[in-house]
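*Asks:* Sharing a structure here in structure tokens format.
The values are calculated or read from the model by the stated rules, or taken from the named source; none is laboratory data. Only a predicted model underlies this, so the values are computations on that prediction, with no experimental measurement involved. As a convention, Cβ positions derive from the backbone with ideal geometry for all residues, glycine included, and neighbour counts pool all protein chains shown.
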Amino acid sequence: MNTITSSSVFPSLSRIAVLATGGTIAGAAADATNTSGYQAGVVGVDQLLAVVPALSSVARIAAEQIASVDSKDMAMPLWTTLAQRINTLLASDEIDGVVVTHGTDTLEETAYLLHLTVKSDKPVVLTAAMRPASALSADGPLNLLNAVTVAAHAGSRGQGVLVAFNNRIHSARDVVKTSTYAVDAFQSPEVGALGWVQDGRVEFQRSVVRPHTLATEFVIGPNWPLVEIVTSYAGVSRLAVDALVGAGVRGIVVAGTGNGSIHASVQQALADAASQGVAVVRSSRVGSGHVMRNGAAADDALGFISAGSLNPYKARVLLMLALAAGGAGPVALQKVFDTY
Ligand code: ASP
């Protein structure tokens, strides 16, 4: 599907591709008061756009339905399709920026993946909603308008992949979902949002420091090394780690306690895995802060890598890309984590 709207009315407006993937923003429930028992990803992109007539004075829109999934079911082949489509669109002189509508559940993972693999400095902005399209006070329409506004804004160029949600603009690297139900569901812990968008106005208050998009070594491809996540908690056994190693996993991210500390039983299992060539990355389950190398575990001795300020889910994205790019060994992989 490809719909261009309002092109002849405002020929000087930015040309923004809106790529829909599903999620609650495209969700529908049996009645307007139901915001938890609904089906995600059933409303088409044309309908999402139709309820926001103000879009036509912000941008010329080319709409595509890439997928219709609940983002809890996001999978790597769809990541490959989405990233490749964005790269194709942004390589064209006909498109100035991209907006992706997505579910909130794995939005932070998709956003970071695109941040590392989009090969353009044109804006890419993800948005979503906490309430389905059928709800009273649905948040999707305004989030969509704001996302297109951010994508059409000159200051968004070169900032990497952005997330526009509930009037705030976040960097894909920093943003995380922090509420199961609130409309203000996304935060950038420790560092805060990059800026805000309101009533057509966009303001950036800081910029992105770490390399992204054109400045990374990563390209999107069809191959995804097997990388899984394990958690450390009271009474945890080494069963999960041993099973993953037996299954041939290439990398394991551990969501450690505190500053990436790991229960002794799991730490031994992970040390055994590292000695067999499995990449082991220490992150934290805490939700903010960073994991210091050689802080809560002796990384040098155990052959572990520290995730720094990446949460376990984003650390997994980076580890998969690094391994796919041929990265190997804790020294080289630590450099990747220190860089991105
Ligand atoms: N399960 C939904 C999804 O991630 C939740 C949402 O979009 O808010 O697709």
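*Asks:* Quick check on region 193-210. Is at least one of its residues under 23 Å from A62 (Cα atoms) and in a loop (DSSP other than H, G, I, E, B)?
*Replies:* Within region 193-210, one or more residues are under 23 Å from A62 (Cα atoms) and in a loop (DSSP other than H, G, I, E, B).
A quick yes/no check of all residues on (1) closer than 27 Å to A182 by Cα; (2) among the small types (G, A, S):
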site: K72; (1), (2): yes, no
site: M76; (1), (2): no, no
site: T104; (1), (2): yes, no
site: L114; (1), (2): yes, no
site: D121; (1), (2): no, no
site: A128; (1), (2): yes, yes
site: L136; (1), (2): yes, no
site: G160; (1), (2): yes, yes
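*Asks:* Go through region 14-36 residue by residue and tally those that are within 12 Å of the ligand (Cβ to nearest atom) and surrounded by fewer than 24 Cβ atoms within 10 Å (Cβ to Cβ).
*Replies:* Residues in region 14-36 being within 12 Å of the ligand (Cβ to nearest atom) and surrounded by fewer than 24 Cβ atoms within 10 Å (Cβ to Cβ): 2 in total.
*Asks:* Taking region 23-59 only, how many residues are more than 15 Å from D139 (Cβ to Cβ), in a loop (DSSP other than H, G, I, E, B), small (G, A, S) and out of contact with any helix residue (DSSP H, G or I) (no Cβ under 9 Å at 6 or more places or on another chain)?
*Replies:* Selection size over region 23-59: 2.
*Asks:* Anything in region 73-114 that is of a type in the set (S, T, N, Q), buried (at least 22 other Cβ atoms within 10 Å of the Cβ) and not in a loop (DSSP other than H, G, I, E, B)? List them, or say none.
*Replies:* Residues satisfying the conditions are T101, T110.
*Asks:* Next up: Report whether or not S232 is farther than 26 Å from G160 by Cβ and touching a residue at least 40 places away in the same chain (Cβ under 8 Å). Lay out the reasoning, then the answer.
*Replies:* Working: farther than 26 Å from G160 by Cβ: yes; touching a residue at least 40 places away in the same chain (Cβ under 8 Å): yes.
Answer is yes for this residue.
*Asks:* Looking only at region 76-116, which residues are within 13 Å of the ligand (Cβ to nearest atom) and over 24 Å from Q187 (Cβ atoms)?
*Replies:* Result: L78, single match.
*Asks:* Of (1) within 15 Å of the ligand (Cβ to nearest atom); (2) over 12 Å from A172 (Cα atoms); (3) surrounded by fewer than 24 Cβ atoms within 10 Å (Cβ to Cβ), P132 satisfies all except one. Which?
*Replies:* Here P132 clears every test but (3).
*Asks:* Does region 266-279 include one or more residues that are more than 18 Å from F337 (Cβ to Cβ), under 27 Å from the mean Cα position of the chain (by Cα), at pLDDT 95 or above and not in a strand (DSSP E or B)?
*Replies:* There is no residue in region 266-279 that is more than 18 Å from F337 (Cβ to Cβ), under 27 Å from the mean Cα position of the chain (by Cα), at pLDDT 95 or above and not in a strand (DSSP E or B).
*Asks:* Can you go through L142, L194, L239, L214 and tell me which one is in contact with a Phe, Trp or Tyr (Cβ under 7 Å, 6 or more places away or on another chain) and aliphatic (A, V, I, L, M)?
*Replies:* Residue meeting the stated conditions: L194.
*Asks:* Based on this model, can you work out whether V249 counts as in contact with a strand residue (DSSP E or B) (Cβ under 6 Å, 6 or more places away or on another chain), in contact (Cβ under 8 Å) with a residue 60 or more places away in the chain and under 17 Å from G303 (Cβ atoms)?
*Replies:* When the stated conditions are applied, V249 does not pass them.
*Asks:* Still on this structure, please answer the following. Taking only pairs six or more apart or across chains, which ones have beta-carbon atoms under 7 Å, a first residue in region 285-305 that is within 17 Å of D174 (Cα to Cα), and a second residue that is hydrophobic (A, V, I, L, M, F, W, C) and at pLDDT 95 or above?
*Replies:* Pairs found: R285/A255; V291/A307.
*Asks:* Please tell me if S288 is part of a loop (DSSP other than H, G, I, E, B), under 26 Å from the mean Cα position of the chain (by Cα) and surrounded by fewer than 18 Cβ atoms within 10 Å (Cβ to Cβ).
*Replies:* yes
*Asks:* While we're here: Report yes if P211 is under 21 Å from V118 (Cα atoms), away from the ligand (no atom under 16 Å from the Cβ) and at pLDDT 95 or above, otherwise no.
*Replies:* Yes.
*Asks:* Of all residues in region 183-201 being closer than 19 Å to G140 by Cβ and more than 19 Å from the chain's Cα centre (by Cα), which is surrounded by the fewest Cβ atoms within 10 Å (Cβ to Cβ)?
*Replies:* So the residue we want is D199.
*Asks:* Criterion first (of a type in the set (D, E, K, R) and surrounded by 20 or more Cβ atoms within 10 Å (Cβ to Cβ)) does R250 satisfy it?
*Replies:* Details: of a type in the set (D, E, K, R): yes; surrounded by 20 or more Cβ atoms within 10 Å (Cβ to Cβ): no.
No, not satisfied.
*Asks:* Is it the case that some residue within region 61-72 is of a type in the set (A, V, I, L, M), assigned to a helix (DSSP H, G or I) and within 16 Å of the ligand (Cβ to nearest atom)?
*Replies:* no
*Asks:* Also, I was wondering about something else. Check R316, R282 and return the single one that is part of a strand (DSSP E or B) and among the charged types (D, E, K, R).
*Replies:* After ruling out the rest, the residue left standing is R282.
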